[in-house]
Amino acid sequence: GENVEQHPSTLSVQEGDSAVIKCTYSDSASNYFPWYKQELGKRPQLIIDIRSNVGEKKDQRIAVTLNKTAKHFSLHITETQPEDSAVYFCAASDTGRRALTFGSGTRLQVQP
Amino acid sequence: NAGVMQNPRHLVRRRGQEARLRCSPMKGHSHVYWYRQLPEEGLKFMVYLQKENIIDESGMPKERFSAEFPKEGPSILRIQQVVRGDSAAYFCASCPVSTDTQYFGPGTRLTVL
């Protein structure tokens with residue numbers, strides 16, 4: 001089955017700096033890669049996703065890149081703000097199976 | 001359009017009791033997924049259902065756990081004879097038939113005493 005590795009497990013940045021979180025996946029059949037943000041005690045919220053026919057996608061301060069050959073994808077947050085502090089999860093799935101396999105999460109702390 | 005609804009939000013059970021968790025998907029969504037999140041860990045897939053059908057239950061323990069999504073009403077995750085290790089947050093997610101995008105409910109936090 002699919003295995004998703006996520007690094008780093010914790011990340012502390014100064015407000016205004018950029019943050020990068022990286023994930024690798026094992027199953028070459030995976031073709032959908034969402035990122036979720038989870039605040040303490042809350043539901044995971046989709047912040048951005050990318051499909052395998054696209055190499056990069058951007059939404060304001062958030063961008064995701066995908067390298068299918070290397071089987072890795074990354075989340076980039078620019079101009080970080082204290083409200084970006086949360087746990088971020090990457091995930092992968094394929095159109096056939098559809099169930100998401102999640103990474104172990106990255107706790108992002110943005111210092112004001 | 002209301003989001004994914006789950007109830008109860010918090011559930012306390014004693015060892016050996018049954019827990020029933022409910023999930024109402026977003027309007028127009030016919031696919032439901034259940035995930036379990038242990039404290040300080042990621043989400044683990046349990047089961048994927050469509051109306052009246054279990055599509056994939058590969059992540060669900062073989063014993064004590066069952067799930068259904070009837071033609072009418074919410075999806076239900078049932079845990080029989082709960083043990084302390086079942087204490088976790090249980091999230092359901094739904095998506096429409098046309099995309100992969102899953103939207104999560106607020107979760108049910110199960111505590112087994």
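Starting from residues that are away from chain B (no Cβ under 11 Å) and surrounded by 16 or more Cβ atoms within 10 Å (Cβ to Cβ), keep the ones in region A:21-36 and report whichever is nearest to B:Ala88 (Cα to Cα).
Selected residue: A:Trp35.
When the residues of region B:41-74 are narrowed to those that are small (Gly, Ala, Ser) and assigned to a strand (DSSP E or B), which ends up farthest from the other protein chains (Cβ to nearest Cβ)?
B:Ser66
Among (1) more than 22 Å from A:Leu100 (Cβ to Cβ); (2) touching a Pro at 6+ places or on another chain (Cβ under 8 Å); (3) of a type in the set (A, V, I, L, M, F, W, C), where does B:Leu11 come up short?
It is condition (2) that B:Leu11 fails.
Considering only region A:1-38, how many residues are of a type in the set (Gly, Ala, Ser) and in a strand (DSSP E or B)?
Qualifying residue count, region A:1-38: 2.
Can you say whether B:Met46 is open to solvent by 80 Å² or more (accessible area, probe 1.4 Å) and among the aliphatic types (A, V, I, L, M), as far as the supplied structure shows?
For B:Met46, the condition - open to solvent by 80 Å² or more (accessible area, probe 1.4 Å) and among the aliphatic types (A, V, I, L, M) - is not met.
Report, by residue number, each residue of region B:75-113 that is of a type in the set (D, E, K, R) and not in a loop (DSSP other than H, G, I, E, B).
B:Arg78, B:Arg84, B:Asp86, B:Arg109 - these are the residues of region B:75-113 that are of a type in the set (D, E, K, R) and not in a loop (DSSP other than H, G, I, E, B).
Can you name the residue in region B:81-105 that is under 11 Å from the mean Cα position of the chain (by Cα) and facing chain A (nearest Cβ under 7 Å) and is also surrounded by the fewest Cβ atoms within 10 Å (Cβ to Cβ) among such residues?
Ranking the qualifying residues of region B:81-105, first place goes to B:Phe104.
Looking at region B:1-34, which of the residues that are part of a strand (DSSP E or B) and under 18 Å from B:Val83 (Cα atoms) is nearest to the chain's Cα centre (by Cα)?
Going residue by residue through region B:1-34, those that are part of a strand (DSSP E or B) are B:5-7, B:10-13, B:19-24, B:31-34.
Right, trim to under 18 Å from B:Val83 (Cα atoms) and you get B:10-13, B:19-21.
Working: B:His10: 13, B:Leu11: 13, B:Val12: 16, B:Arg13: 17, B:Ala19: 11, B:Arg20: 9, B:Leu21: 6 Å.
Filtering first and then ranking leaves B:Leu21.
Filtering region A:89-100 down to residues that are more than 9 Å from every other protein chain (Cβ to nearest Cβ) and crowded, with 23+ Cβ neighbours inside 10 Å, which residue is farthest from A:Lys68 (Cα to Cα)?
A:Cys90
What are the residues in region B:71-113 that are of a type in the set (Gly, Ala, Ser) and either over 22 Å from B:Gln50 (Cβ atoms) or in contact (Cβ under 8 Å) with a residue 60 or more places away in the chain (or both), if any?
Correct list: B:Gly85, B:Ser87, B:Ala88, B:Ala89, B:Ala93, B:Ser94, B:Gly105, B:Gly107.
Would you check if A:Ser104 is within 30 Å of B:Met60 (Cα to Cα), touching a residue at least 12 places away in the same chain (Cβ under 8 Å), open to solvent by 60 Å² or more (accessible area, probe 1.4 Å) and in contact with a Lys or Arg (Cβ under 8 Å, 6 or more places away or on another chain)?
no
Within region A:37-60, count every residue that is facing another protein chain (nearest Cβ under 10 Å) and in contact with a strand residue (DSSP E or B) (Cβ under 7 Å, 6 or more places away or on another chain).
The number of residues fulfilling the criteria is 7.
Would you check which residues across region A:37-62 are of a type in the set (D, E, K, R), within 14 Å of A:Ile77 (Cβ to Cβ) and open to solvent by 70 Å² or more (accessible area, probe 1.4 Å) and list them?
A:Lys57, A:Lys58, A:Asp59
Consider B:Glu41 against the criteria (1) free of Cβ contacts under 8 Å to residues at least 24 places away in the same chain; (2) open to solvent by 10 Å² or more (accessible area, probe 1.4 Å); (3) closer than 19 Å to A:Asn3 by Cα; (4) under 11 Å from the mean Cα position of the chain (by Cα): it satisfies all of them except one. Which criterion is unmet?
(4)
Could you list, in sequence order, all residues of region A:39-70 that are over 24 Å from A:Gln81 (Cα atoms) and either outside any loop (DSSP other than H, G, I, E, B) or of a type in the set (Phe, Trp, Tyr) (or both)?
A:Arg51, A:Leu66, A:Asn67
The values are calculated or read from the model by the stated rules, or taken from the named source; none is laboratory data. Keep in mind that what you see is a predicted model, and the values were worked out from it rather than measured. Neighbour counts are summed over all protein chains in view; Cβ atoms, including those assigned to glycine, are modelled from backbone coordinates with ideal geometry. What goes into the accessible areas is simple: the full protein's heavy atoms, side chains included, and nothing from ligands, DNA or RNA. Shrake-Rupley method; radii C 1.70, N 1.55, O 1.52, S 1.80 Å.
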